[in-house]
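Undergrad: Here it is, the structure in full.
The values are calculated or read from the model by the stated rules, or taken from the named source; none is laboratory data. Just so we're clear, the structure is a prediction, and the values are computed from it rather than from any experiment. Note that we place each Cβ from the backbone using ideal geometry, even for glycine, and neighbour counts take in every protein chain shown. All accessible areas refer to the heavy atoms of the entire protein, side chains included, with ligands and DNA or RNA removed. Shrake-Rupley method; radii C 1.70, N 1.55, O 1.52, S 1.80 Å.
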Amino acid sequence: MSKKANYSYIGIALTVLVFGIIFIPRIVDRVTSNDITREESRSVSVSNEDRTMRTSDLAFLEINGEAKKVPSFSFTNQDGKTITDQDYLGKVYVIEFFFTTCPTICPRMSSNLVEIQNTFPDNRNFGVASFTINPTHDTPEVLKAYAEKFGITNPNWNLMTGDEEAIYKLANQGFNLYTAIEAEAEGGFEHSGNFALIDKNGFIRSRMVNGNPVIYYNGMISEEEQVDDEGQEQQITMLKEDINKLLSE
């Protein structure tokens with residue numbers, strides 16, 4: 001194993017600036033500084049009982065010395081089935097927050113996720129968890145139609161609806177992915193355009209780029225664009241590579 005290196009940085013605000021979460025002031029207001037570190041370069045054990053030794057170079061997100069795990073959740077998917085975080089154990093998956101009537105970033109995000117889905121067509125250990133932030137409108141029937149429209153075929157891709165308060169708590173507190181009802185915004189909602197990557201044991205994972213932590217992956221830039229406005233490596237390509245690494249762990 002290589003030498004362990006710990007990376008500290010000033011909250012999630014730095015990552016917001018680097019990777020383009022679109023509602024920066026609101027994120028900065030919500031996140032406490034100096035409480036998050038990244039742990040790189042070797043397999044280690046931490047206090048989380050079910051964290052296993054890793055074989056890839058991908059980092060764990062750590063908060064106050066604890067590897068960050070997906071919070072418990074229970075919602076209804078597009079087929080009317082109850083889906084919980086336990087259904088994803090043993091699978092590598094991507095998390096997003098969206099809504100079906102979104103007129104701005106959601107169609108791009110969905111198209112990028114379908115592209116990722118099609119990269120792993122026969123892998124039963126890969127999935128996606130999409131949570132609607134407009135559960136009043138986005139019933140299972142509406143989500144089913146949305147899935148058909150975008151070509152969502154992966155049986156482990158659940159588009160979920162349910163209790164509004166629980167969904168917003170999962171987004172804003174569980175993942176620090178900003179979501180809010182905003183009457184003046186296009187479509188009536190604001191939300192992050194980022195994806196979170198989860199390993200088989202339910203931990204949030206990602207990589208370091210140029211010495212900077214990548215907590216989330218920008219889901220709004222298509223693979224054809226290759227690089228974003230700052231000249232950074234195209235993050236959908238990075239996400240595919242990192243999914244493959246976690247599938248091999």
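Undergrad: With N denoting the number of residues in region 106-201, provide Rg(C-alpha) divided by 2.2 N^0.38 Å, to two decimal places.
TA: Normalised Rg, Cα atoms only: 1.10.
Undergrad: Something else now. Accessible area per residue, 1.4 Å probe, Å², for region 141-189: what's the number?
TA: About 50 Å² of surface per residue is accessible.
Undergrad: Right, another one. How much length is gained on full extension from Arg108 to Thr82, taking 0.36 nm per residue of separation minus their Cα-Cα distance?
TA: Details: separation 26, 0.36 × 26 = 9.36 nm, distance 2.69 nm.
Difference between extended and current length: 6.7 nm.
Undergrad: Here are some pairs, Lys91/Lys169; Lys68/Lys200; Lys91/Lys245; Lys91/Lys149; which of them have Cα atoms lying more than 19 Å apart in this structure?
TA: Values: Lys91/Lys169 23 Å; Lys68/Lys200 13 Å; Lys91/Lys245 12 Å; Lys91/Lys149 25 Å.
Among Lys91/Lys169; Lys68/Lys200; Lys91/Lys245; Lys91/Lys149, the Cα-Cα distance tops 19 Å for Lys91/Lys169; Lys91/Lys149.
Undergrad: How high is the FRET efficiency from Asn212 to Thr136, r the C-beta distance, R0 25 Å, rounded to 0.05?
TA: 0.05
Undergrad: Sticking with this structure for a sec: Stretch Thr237-Glu148 to full length: gain in nm at 0.36 nm per residue minus the Cα-Cα span?
TA: Working: separation 89, 0.36 × 89 = 32.04 nm, distance 2.44 nm.
Taking Thr237 through Glu148 to full extension adds about 29.6 nm, to one decimal.
Undergrad: Please identify which residues in region 135-150 have an amide N closer than 14 Å to a label point set 7 Å out from the Cα of Thr101, following the Cα→Cβ vector.
TA: Within reach of a label on Thr101, which here means backbone N under 14 Å from a point 7 Å along Cα→Cβ, region 135-150 contributes 135-139, 142-143.
Undergrad: For region 101-227, which whole-number percentage of the solvent-accessible area (1.4 Å probe, protein heavy atoms only) is attributable to carbon and sulfur atoms?
TA: 46 percent
Undergrad: Need one number: nm distance between label points at Asp57 and Gln173, each 7 Å from Cα along Cα→Cβ, rounded to one decimal.
TA: My value for the distance between the label points is 3.7 nm.
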